[in-house]
Amino acid sequence: MKNVLNYFLLFSLVWSITSCEVGIKEEDILEPKNEPYYSFDLLIQKAVPSQTKPNRVTRYQLDRFMNHKDKYYDALENELMDIYLNESLDTTGITIYSYSEDLVQELNHYSKNEMGYFLSSTLKYHYNSDNTLSQTTRDGENYMLYKYNSLGQISEILLGSNLEVADVYYYFYDENGRTIRQKWGNQNIDDVPIRDWHYIYDENGKLLFKSIPYSPSGELIPMFVYSYDDQDRMILEEELYPEYGFSSYFKTFYSYSTVN
């Protein structure tokens, strides 16, 4: 246990210098065979900073801090685990990713209270014979059910546990295979949708906006706005809801490692 803890403390020092502070604190590492400590102990030894994926995701609602999520990857940039932190950088939860043949099979989320960690949800992934995702289930019930068109693109996602009355995401694509529209509605695609997002890209193919038609003119108004750094990595997602006058309601910031 002492050697493992020494390794962890060294990793934490390197990570905090090269990017942002690692959220797991020494007092969070208890018995190594108790979950999520046992999995954490194994995965932290595989973790390396990613150059292309965010190592910290920070969420705000209006001006109110919601959480940090520190993300850990292996050398192939597969997600290993997420560490959730409050504003004081105390750990509030851990999500552990499990793989088989390079396909994610399960996400186990452990919440934390004054008694310690407890398993609060399990998300399982199910695949078709061609390894396309067919369904995710949460705690044994449908979470998302995927349907595909003749080109192998996702055409529909049925949401929630009751498939008979499930809401549906509908997807539409351009000739280059890019998503150009996403509708959220009931199981009649011709009914008025709850949301009707139109994807707007720049000349280099970066997604700039997901906009919705706004009555009475039908003009497309951005609802999701994306910003990028000079390496074309997303650094900010803003959510502007019509119910709040298209003002910025949620903000998600993405931070990246500076390791070369």
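Just so you know, all these numbers are worked out from the coordinates, no wet-lab data involved. The structure displayed is predicted, hence computed values, not measured ones. Virtual Cβ from ideal backbone geometry, glycine too; neighbours counted across all protein chains shown.
For the stretch 147-163, which positions are in a strand (DSSP E or B) and farther than 24 Å from residue 108 by Cα? If the condition is that a residue be in a strand (DSSP E or B) and farther than 24 Å from residue 108 by Cα, then 147, 148, 154, 155, 156 are the ones that fit.
Of the residues making up the stretch 79-98, those that are more than 12 Å from residue 47 (Cβ to Cβ) and touching a Phe, Trp or Tyr at 6+ places or on another chain (Cβ under 9 Å) are 86, 87, 91, 92, 93, 94, 95, 96. Evaluated against (1) within 21 Å of the chain's Cα centre (by Cα); (2) surrounded by 12 or more Cβ atoms within 10 Å (Cβ to Cβ); (3) over 27 Å from residue 109 (Cβ atoms), residue 124 falls short on exactly one condition, (3). Within the stretch 144-156, does at least one residue satisfy the condition of being within 21 Å of residue 209 (Cβ to Cβ) and surrounded by 15 or more Cβ atoms within 10 Å (Cβ to Cβ)? There is at least one residue in the stretch 144-156 that is within 21 Å of residue 209 (Cβ to Cβ) and surrounded by 15 or more Cβ atoms within 10 Å (Cβ to Cβ). Restricting the search to strands (runs of 3 or more DSSP E) fully inside the stretch 164-260 and requiring at least 3 residues that are surrounded by 13 or more Cβ atoms within 10 Å (Cβ to Cβ) and in contact (Cβ under 8 Å) with a residue 60 or more places away in the chain gives 247-255.
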